[in-house]
Amino acid sequence: MVMVSTGNSQVTAPTGGSEKYPAALAMVTVLFFFWGFVTVLNDILVPHLKSVFNLNYTKIMLIQFAFFLAYFIFSIPASKVVDAIGYKRTMVVGLITMALGAFLFLPAASALSYPLFLGALMVLAAGMTALQVAANAYVAVLGPPETASSRLNLAQAFNSLGTTVGPYVGGFFILGTVVENKDAIANMSAAALHAMRLQQAGTVKLPYMVIGVALLAFAVLIGLFKLPAIPGVERHADGRHDGSMWKYRHLILGCVAIFVYVGAEVSIGSFLINYFKEPDIGNLPEIIGAKFVAYYWGGAMLGRFVGSAILQKVKTGIVLGIAAFFACALVLTSMLSTGHVAMWSIILVGFFNSIMFPSIFTLGIAQLGPRTGDGSGLLIMSIVGGAILPVAQGAIADRIGIHHAFLLPVLCYLYIAFYGLRGSRPVGVE
């Protein structure tokens, strides 16, 4: 048996490795696909609800704010749930909560209420937070620690598969009825306009109802499936590891790096469809633009496979710094160009985003010893950057236009490059 620190508890992991539990690993890995698929649908909701409710960029980015704020609010409570009822039951609770959030899209669409949509997204994300806390830790301890990274990389590849497929499915079912003719909208009566918006908002009902049913079905499947038990969950209640985490400079700077990375990735993904609609960029209808968003996330999936091979031979900090510089250069290229060059340069950013989260996470918890779990919790909470920075970019876009609002991700990638090359060096480690 192997003792592995996860959050506020130690768990006893089976030493046989995931090769003895292929069915369990496959079952849990499907969860990664689920939350990748559901998360990327936000990129479809942004242009869709912007049109339905006639919102500016600042207000429509509240979609990402509501969704990613849940990570900050619910990550610590989710870890307490794991302590109380275990990994398997927490996964079931997370799936059921996600299903509830998906079903709430139906009354939100019927009432044509933007606040209700935001509330549904927060419930959905709360369940996803519980799911991530439980599933990530479970995959990590389902075998010896020396192979934990390979198991997590495999699971994350399925997450990327979900984010690649999602834009195609969401674009087909949700964006197919968007009215692009502004003159036609302007000439509609109030009643006709309301009816049109009800019909457009209603396109989310079928996909989210199917998602809700699928989540409930998988919750039942997980509940009935005999996942290998992980006994010995204990709280660190002896006080031996008390003390401030602020002394770990590389961890604190890593939290900032996670914050800006998630913020930059979500900001870019959220704006792509509207960006591709611009006459001097792609002049593409939203349903066609959604297909190009899939290339952005597909690049991240491909980059994970390439990056995992490179990371076996090159130091993580160097790979992270180089990837961040390339991402920065590509965003600048898109800002300074038009047409296909602007489109494909911003799409290629997804490839270089791929290794950033796991690399920052690994560097942030390096050499923390018994404080590794505490550091992991801080890094997970830093995902809240996905809530704040897209709103900030929306405010910038409302003032200077969407083309040049990508200045914010440029600054984010510069910081990530600094962290990879210099800021990630452990200082303050006992």
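Condition first: among the acidic types (Asp, Glu) and in a helix (DSSP H, G or I). Can you find one or more residues in region 276-295 that meet it?
Residues of region 276-295 that are among the acidic types (Asp, Glu), as a first pass: 278, 280, 286.
Adding the requirement that they be in a helix (DSSP H, G or I) leaves 286.
Yes, region 276-295 contains a residue that is among the acidic types (Asp, Glu) and in a helix (DSSP H, G or I).
Kindly evaluate Ile44 against the criterion of being more than 29 Å from Leu378 (Cα to Cα), surrounded by 23 or more Cβ atoms within 10 Å (Cβ to Cβ) and under 15 Å from the mean Cα position of the chain (by Cα). Explain how you work it out, then say what you get.
Values: more than 29 Å from Leu378 (Cα to Cα): yes; surrounded by 23 or more Cβ atoms within 10 Å (Cβ to Cβ): yes; under 15 Å from the mean Cα position of the chain (by Cα): yes.
When the stated conditions are applied, Ile44 passes them.
For the structure I just gave you, tell me whether Ile287 is over 16 Å from the mean Cα position of the chain (by Cα) and within 20 Å of His48 (Cβ to Cβ).
On the way: over 16 Å from the mean Cα position of the chain (by Cα): yes; within 20 Å of His48 (Cβ to Cβ): yes.
When the stated conditions are applied, Ile287 passes them.
Could you go through region 72-80 and let me know if any residue there is within 23 Å of Leu272 (Cβ to Cβ) and buried (at least 21 other Cβ atoms within 10 Å of the Cβ).
The answer is no; no qualifying residue exists.
Can you confirm whether Lys291 is touching a Phe, Trp or Tyr at 6+ places or on another chain (Cβ under 9 Å), in the same structural domain as Lys277 (by TED's automatic domain parsing) and among the charged types (D, E, K, R)? Even if it seems obvious, please write down each step before you answer.
Details: touching a Phe, Trp or Tyr at 6+ places or on another chain (Cβ under 9 Å): yes; in the same structural domain as Lys277 (by TED's automatic domain parsing): yes; among the charged types (D, E, K, R): yes.
Criteria met by Lys291.
All but one of (1) under 25 Å from Gly423 (Cβ atoms); (2) surrounded by 22 or more Cβ atoms within 10 Å (Cβ to Cβ) hold for Gly321; which doesn't?
(2)
Under 8 Å between Cβ atoms, which residue pairs at least 6 apart in sequence (or on different chains) link something in region 281-299 that is in contact (Cβ under 8 Å) with a residue 24 or more places away in the chain and β-branched (Val, Ile, Thr) with a partner that is surrounded by fewer than 19 Cβ atoms within 10 Å (Cβ to Cβ) and in a helix (DSSP H, G or I)?
Between residues of region 281-299 that are in contact (Cβ under 8 Å) with a residue 24 or more places away in the chain and β-branched (Val, Ile, Thr) and residues that are surrounded by fewer than 19 Cβ atoms within 10 Å (Cβ to Cβ) and in a helix (DSSP H, G or I), the close pairs are Ile281/Gly339; Ile287/Phe172.
Residue by residue, here is whether (1) under 23 Å from Ile380 (Cα atoms); (2) at pLDDT below 90 holds:
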site	(1), (2)
Tyr248	yes, yes
Ile252	yes, no
Phe259	yes, no
Ser267	yes, no
Pro285	no, yes
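Among the residues that make up region 72-79, is at least one of them under 18 Å from His48 (Cα atoms) and in the same structural domain as Gly36 (by TED's automatic domain parsing)? Show your work before the answer.
Keep residues of region 72-79 that are under 18 Å from His48 (Cα atoms), which gives none.
No, every residue in region 72-79 fails to be under 18 Å from His48 (Cα atoms) and in the same structural domain as Gly36 (by TED's automatic domain parsing).
The values are calculated or read from the model by the stated rules, or taken from the named source; none is laboratory data. All values derive from a computational prediction rather than experimental measurement. FYI the Cβ positions are ideal-geometry reconstructions off the backbone, even for glycines, and counts take in every protein chain you see.
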